[in-house]
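S.K.: Encoded as structure tokens, here's the structure I'll be asking about.
Read-outs: derived from the displayed coordinates by stated rules, not from any lab. Values in this document were obtained by computation on a predicted structure and should not be read as measured data. With ideal geometry, Cβ positions are generated from the backbone for all residues, glycine too; neighbour counts draw on all protein chains shown.
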Amino acid sequence: MPIPRLDIPSTAILVIDVQERLMPSIVDRGRVETNCTLLLQMARELDIPAMVTEQYVKGLGRTVDAVAGAMPDPSWRIEKTQFSALIDLVDERLAEWRRPFVLVAGVEAHVCVLQTVLDLQATGRQAFVVTDAVSAGQRDQITPAFERMTRAGAVLTGVVSAMYELLHDARHPGFRACLELAKRVER
């Protein structure tokens with residue numbers, strides 16, 4: 001079976017739980033925050049709808065400032081207590097947007113990101129996991145989570161790879177802006 005290719009009209013972005021009290025314990029925190037921010041800035045440049053979820057805000061706080069400030073639409077910040085981010089409101093928005101491909105980023109790889117990806121795949125959507133914008137509190141949990149996601153049919157990608165795949169051509173009107181974003185991606 002061929003691996004699906006990202007395109008702008010089919011794609012949405014979902015950034016999961018990049019929150020104030022959770023991020024200090026995350027491996028490569030700076031990379032995750034920077035790359036999630038860049039994904040959301042790309043969404044704004046390319047007019048791709050994006051949502052940000054927040055797990056148990058009372059305990060984990062709000063989305064970190066850099067990520068929250070990059071959101072194309074602040075009303076698309078959604079609170080949840082369920083580990084999977086594919087709660088009813090997110091599911092409804094994805095259906096409303098008619099975007100079957102979902103670029104997934106955030107934390108933690110082996111909990112909320114994994115369960116979200118499994119649910120996206122189970123509902124017939126295609127998850128593209130942005131590995132350089134995903135992490136966890138324990139490094140040894142990350143690789144097994146990615147392996148499980150790929151076994152479920154998810155596609156692994158990176159910020160720059162996804163960006164260029166969405167642009168498709170250097171003549172795209174958003175190319176120059178995305179080129180500048182790509183230069184700021186943390187590896």
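S.K.: Within the stretch 32-46, identify whether any single residue is of a type in the set (A, V, I, L, M), buried (at least 22 other Cβ atoms within 10 Å of the Cβ) and touching a Cys at 6+ places or on another chain (Cβ under 8 Å), and answer yes or no.
M.R.: yes
S.K.: Next question. Go through the residues of the stretch 98-119 one by one and say whether even a single one is aromatic (Phe, Trp, Tyr), on the phi < 0 side of the Ramachandran plot and without any contact (Cβ under 8 Å) to a residue 40 or more places away in the chain.
M.R.: No, every residue in the stretch 98-119 fails to be aromatic (Phe, Trp, Tyr), on the phi < 0 side of the Ramachandran plot and without any contact (Cβ under 8 Å) to a residue 40 or more places away in the chain.
S.K.: Give the stretch 136-187 a look and list any residue that's loosely packed, with under 14 Cβ neighbours inside 10 Å, not aliphatic (A, V, I, L, M) and not in a helix (DSSP H, G or I), or say none.
M.R.: Answer for the stretch 136-187, where residues must be loosely packed, with under 14 Cβ neighbours inside 10 Å, not aliphatic (A, V, I, L, M) and not in a helix (DSSP H, G or I): Gln138, His168, Asp169, Arg171, Pro173, Lys183, Arg184, Arg187.
S.K.: Residues in the stretch 55-76 that are part of a loop (DSSP other than H, G, I, E, B) and closer than 11 Å to Leu22 by Cα: how many?
M.R.: 4
S.K.: Would you mention how many residues in the stretch 65-83 are in contact with a helix residue (DSSP H, G or I) (Cβ under 6 Å, 6 or more places away or on another chain) and under 21 Å from Asn35 (Cα atoms)?
M.R.: Qualifying residue count for the region: 6.
S.K.: Something else about it: Considering only residues that are touching a strand residue (DSSP E or B) at 6+ places or on another chain (Cβ under 9 Å) and not in a helix (DSSP H, G or I), which ones fall in the stretch 105-131?
M.R.: Ala105, Gly106, Val107, Glu108, Arg125, Gln126, Ala127, Phe128, Val129, Val130, Thr131
S.K.: Taking the stretch 33-43, which residues are in contact (Cβ under 8 Å) with a residue 60 or more places away in the chain, closer than 12 Å to Val134 by Cα and more than 10 Å from the chain's Cα centre (by Cα)?
M.R.: Matches in the stretch 33-43: Thr34 only.
S.K.: If Glu45 satisfies every condition in (1) in contact with a Gly (Cβ under 6 Å, 6 or more places away or on another chain); (2) of a type outside the set (A, V, I, L, M); (3) within 15 Å of Val107 (Cα to Cα) but one, which is the exception?
M.R.: Here Glu45 clears every test but (3).
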